[in-house]
Amino acid sequence: MLDGVMLLWFILTGMSVLFVAIDIRTTPEAVVLKWGFVILTLFTGPFGAFFYVLGCREPLPGTHEQYVSATWRQVLGSTMHCAAGDGLGIIAGAAIGSLLQLEPALDIALEYVLGFGFGWTFFQAYAMRDMAGGDYGKSLKMPFIPEFYSMNILMAGMLLVSKFWIPSVAGASSPFNPAFWFIMSLSLMVGFLCAYPMNWWLVTRHLKHGMMTV
């Protein structure tokens with residue numbers, strides 16, 4: 001039964017990624033957030049496409065700024081940004097840790113370092129360098145604390161799923177097994193839901209940005 005569910009999931013995910021990748025090109029959103037939605041959809045399938053349509057896709061030309069101004073959409077953008085950047089690093093760490101057959105503690109440490117490192121230094125700081133006057137050093141300082149809070153909640157939610165479910169499914173610990181990616185996708189969705197309240201707090205206190213219009 002699990003094989004059938006995974007096959008359906010991967011088919012829907014492929015269709016969702018194709019839709020978002022094509023449609024988002026005309027959405028007046030920052031490039032990093034466009035990539036964020038594509039990456040999020042790659043792991044969350046139709047849910048990512050649903051978040052994009054409901055939270056970011058411009059309903060009528062010239063209405064994007066007004067459309068995304070709602071607080072919950074700003075928080076959606078912030079959480080998506082975190083889940084895409086940090087989540088990609090965490091999942092890469094899990095795959096590498098599995099291939100290297102690392103001990104659980106080292107595996108989690110690798111996931112944390114790659115997740116926080118990629119999310120902070122590239123998806124946050126590099127993307128925000130224009131907001132810091134082009135000074136990358138300054139842009140590294142700006143998102144450090146907000147990223148730290150958001151990343152910790154995201155990863156905690158992901159670990160609750162991945163570290164308890166993967167050992168119970170035969171072969172799921174290997175990144176060469178589709179079950180690994182299926183479980184990591186579900187773990188990212190749970191992490192996303194867990195991180196949303198924290199990002200609400202951060203955005204409403206102007207510690208993190210949400211959606212943007214370009």
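The values are calculated or read from the model by the stated rules, or taken from the named source; none is laboratory data. Fair warning: this is a prediction, and the values are worked out from it, not measured in the lab. Counting neighbours? That spans all protein chains shown, and the Cβs are built from the backbone with ideal geometry, glycine included. These area figures cover heavy atoms from the full protein model, side chains too; ligands, DNA and RNA do not enter into them. Shrake-Rupley method; radii C 1.70, N 1.55, O 1.52, S 1.80 Å.
Quick notes on this structure:
- Consider the range 188-214 and keep the residues that are in a loop (DSSP other than H, G, I, E, B) and open to solvent by 40 Å² or more (accessible area, probe 1.4 Å). The one that is modelled with the highest pLDDT is Arg205.
- Here is the figure for the range 163-172: residues that are open to solvent by 70 Å² or more (accessible area, probe 1.4 Å) and among the small types (Gly, Ala, Ser) total 2.
- When residues of the range 32-53 are limited to those that are without any contact (Cβ under 8 Å) to a residue 12 or more places away in the chain and surrounded by fewer than 17 Cβ atoms within 10 Å (Cβ to Cβ), the one farthest from Ser185 (Cα to Cα): Val53
- Cross-chain or 6+ apart pairs with Cβ under 6 Å, the range 174-187 first and open to solvent by less than 10 Å² (accessible area, probe 1.4 Å), then of a type in the set (A, V, I, L, M) and assigned to a helix (DSSP H, G or I): Ile183/Ile166; Met184/Ile91; Ser187/Met158; Ser187/Val161
Yes/no per residue for (1) surrounded by fewer than 23 Cβ atoms within 10 Å (Cβ to Cβ); (2) among the hydrophobic types (A, V, I, L, M, F, W, C):
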position	(1), (2)
Pro59	yes, no
Gly62	yes, no
Ala70	yes, yes
Gly87	no, no
Ile90	no, yes
Gly97	yes, no
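- The condition (being over 15 Å from the mean Cα position of the chain (by Cα), open to solvent by 70 Å² or more (accessible area, probe 1.4 Å) and farther than 22 Å from Ala195 by Cα) is satisfied by just one residue among Ile11, Ile24: Ile11.
- Single condition Gly97 does not satisfy, out of (1) touching a Leu at 6+ places or on another chain (Cβ under 9 Å); (2) over 14 Å from Met155 (Cβ atoms); (3) not in a loop (DSSP other than H, G, I, E, B): (2)
- Flag for Ile183 being within 21 Å of Met6 (Cβ to Cβ) and at pLDDT 80 or above: yes
- All told, Leu7 falls short of being of a type outside the set (S, T, N, Q), within 28 Å of Leu159 (Cα to Cα) and modelled with pLDDT of 95 or more.
Per-residue answers, yes or no, for (1) at pLDDT below 85; (2) β-branched (Val, Ile, Thr); (3) under 21 Å from Met184 (Cβ atoms); (4) in contact with a strand residue (DSSP E or B) (Cβ under 8 Å, 6 or more places away or on another chain):
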position	(1), (2), (3), (4)
Ile91	no, yes, yes, no
Ser98	no, no, yes, no
Ala109	no, no, yes, no
Gly115	no, no, yes, no
Thr121	yes, yes, no, no
Gln124	yes, no, no, no
Ala127	yes, no, no, no
Lys138	yes, no, no, no
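- Of the numbered criteria (1) within 18 Å of Gln124 (Cβ to Cβ); (2) at pLDDT below 95, the one Thr26 fails is (1).
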